[in-house]
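The values are calculated or read from the model by the stated rules, or taken from the named source; none is laboratory data. Not measured: the values here are computed from a predicted model. Please note that ligands, DNA and RNA were not included when accessible areas were found on the heavy atoms of the full protein model with its side chains. Shrake-Rupley method; radii C 1.70, N 1.55, O 1.52, S 1.80 Å.
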Amino acid sequence: MKTVRPKKNLGQHFLTDLNIAKTIADTVDACPGLPVLEVGPGMGVLTQYLMPKGRELKVVEIDKESVNYLNEKYPELRQNIVGEDFLRMDLNKLFNGRKFVLTGNYPYDISTQIFFKMIDNKDLIPCCTGMIQREVAQRMASAPGTKSYGILSVLIQAWYDVEYLFTVDENVFNPPPKVKSAVIRMTRNGVDDLGCDWPLFRRVVKTVFNQRRKMLRSSLKPLFQNGQPDAAFFNDGIMTKRPEQLTINQFVELTNMVAGVMRS
């Protein structure tokens with residue numbers, strides 16, 4: 001059977017170490033009983049270890065050559081091989097509105113977009129596992145006060161508990177990427193209501209981290225295009241902090257402060 005040629009434009013780096021592949025596949029066991037969606041299966045190195053788990057399994061792959069390969073190698077999976085772009089899919093239609101586990105060896109160049117889509121569908125995805133670029137994994141799992149703590153950390157940790165499981169070296173891929181990889185697991189944290197307006201929360205987080213070296217009293221100003229708040233707003237104690245110092249709860253507090261000004 002002809003193998004699939006890794007395509008640079010799709011960010012494809014095929015995992016070749018089967019022990020690591022099995023270990024990654026086993027990360028879904030922490031969320032038992034749910035259907036599984038694998039993103040970017042390529043030639044099925046994870047798929048082969050997901051199939052025996054007795055779960056309903058679907059795989060989504062944008063690369064036509066990979067889809068043809070999967071259809072040939074795993075004929076029993078043919079009805080569940082989806083040849084589409086994950087970022088454009090309506091995830092409610094995948095398992096008839098049922099919750100599912102998201103997993104995969106995610107393409108590096110769109111991994112952040114994948115996780116933003118996960119957040120948008122958080123009520124469908126109680127658990128997400130898989131492999132990504134190590135730097136992205138570190139940002140996702142970072143705590144307040146660290147250099148890696150940023151937009152991705154806050155937006156994901158608002159809804160998910162993030163576990164950095166282990167690091168994967170470059171030499172177990174074809175072709176080897178220029179960076180190390182990491183395996184992560186994210187599990188819904190039970191928060192159903194953040195306590196503030198979610199779209200505004202995202203705006204606040206992105207605005208202040210775009211000027212992360214500045215205190216909040218300076219980095220917040222771009223939010224107020226129709227006139228700045230009075231001095232009392234910027235004299236609040238939280239305004240002397242920089243964004244990487246704030247916890248999720250403090251970002252919620254800050255968002256509600258901004259919302260109050262915008263309503264007045």
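What to note about this one:
- Set of lysines with alpha-carbon distance to Lys22 below 27 Å, sequence-local pairs under 8 removed: Lys2, Lys7, Lys8, Lys53, Lys58, Lys64, Lys73, Lys99, Lys117, Lys122, Lys178, Lys180
- Over the chain: helical MRE at 222 nm, DSSP H runs n ≥ 4 each giving -39500 (n - 2.57), nearest 500: -8500 deg cm²/dmol
- Solvent exposure of the range 180-253 as accessible area per residue, Å², 1.4 Å probe: 53 Å²
- Karplus-derived HN-Hα couplings along the range 120-135 (A = 6.51, B = -1.76, C = 1.60, θ = phi - 60°), whole Hz, x at Gly and Pro: 4, 10, 4, 6, 8, 10, x, 8, 9, 9, x, 10, 9, 4, 4, 4
- Residue-normalised convex hull volume from the C-alpha trace of the chain: 136 Å³ per residue.
- Degrees between helix 248-263 axis and first principal axis of the chain (Cα, 0 to 90, nearest 10): 60 degrees
- Expressed as a whole percent, the accessible surface of the chain that belongs to carbon and sulfur atoms is 46, based on a 1.4 Å probe.
- Compared with the direct C-alpha span, the chain from Gln228 to Arg203 gains 7.3 nm at full extension, assuming 0.36 nm per residue.
- Cα centroid separation - the range 186-206 against the range 62-104, whole Å: 29 Å
- When the range 171-264 is reduced to its Cα atoms, the Kirkwood hydrodynamic radius in Å: 15.5 Å
- Computed over protein heavy atoms with a 1.4 Å probe, the accessible surface of the range 43-152 works out to 45 Å² per residue.
- Put simply, the range 2-128 fits an ellipsoid with semi-axes of 21, 17, 15 Å; these come from the alpha carbon gyration tensor as the roots of five times its eigenvalues, largest first.
- HN-Hα J in Hz across the range 24-31 - Karplus 6.51, -1.76, 1.60, θ = phi - 60°, x for Gly and Pro: 5, 4, 6, 5, 6, 5, 5, 10
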